[in-house]
Amino acid sequence: MSCVVNSVCKLCRRENLKLYLKGSRCLTDKCAFERRPYPPGQHGQSRLKFSEFALQLREKQKAKRWYGLSEKQFSITFDKASRADKMTGTELLKLLELRLDNVVYSMGLASSRRQARQLVLHKHFSVNGKVVNVPSMILKKDDVVKVVDASAGTEFFKTMATGSKTVPAWVESSIEKLTGKVKDAPVREDITLPVEENMIVEYYSR
């Protein structure tokens, strides 16, 4: 797994979008994006005119950072989407949404995608009864995700079970039972990421 060593709050400011990389902190007045809603650096508050390539790059970076992927991981996912017999941009977002770490986060079983990825890596979850540790695993319709019994009794998951989170329409979640299910593949209207996926396709089509 890749590791972001820079301040993750700068990533939100760079993309002019709250990426929720720090979980619940992003919902408080301590959020750096709320306090300084402009790009980092000495030219952050300057008015810049972006080229077409720069706009395409920013859309790609926005999606990559939203889901917490490295450049290589994102490129591999795009290649998979481009080979599908469907609209590449929509298929790309669907594959990103169906990653195990994103599904765990969407079900409310982690406070951020970054935390969800760590939890999956440490084998706290099972898929259809089998313990897994691959955050990039692409789930399918009717796949069931559950916190393993050995982890369900920990203080972390006890606290998580008392929380509440609005889940997307394409998943169902029983936060009290620490389990969830993929009801169907997401459609574009289900994906909340404010990105122009066609510009990502144009970026990779250069």
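Here are some notes:
- Here, region 99-184 has an Rg and a Dmax of 11.2, 31 Å when only alpha carbons are counted.
- Approximate spin-label separation ASP85-ARG188, in nm, with each point projected 7 Å along Cα-to-Cβ: 2.1
- Counted by Cβ distance under 13 Å from THR77, the other residues give a net charge of +1, where Lys and Arg count +1 and Asp and Glu count -1.
- Mean Cα-pair separation over length for region 99-184, i.e. relative contact order, pairs under 8 Å, 6 or more apart, %: 31
- Here each label is just a point 7 Å from Cα along the line to Cβ, and for LYS72 and LYS165 those points are 2.8 nm apart.
Rule-based calculations on the coordinates, nothing more; no lab input. Note that the structure is a prediction, hence the values are computed from the model and not measured. In this analysis, Cβ positions are derived from the backbone assuming ideal geometry, glycine residues included, and neighbour counts consider all displayed protein chains.
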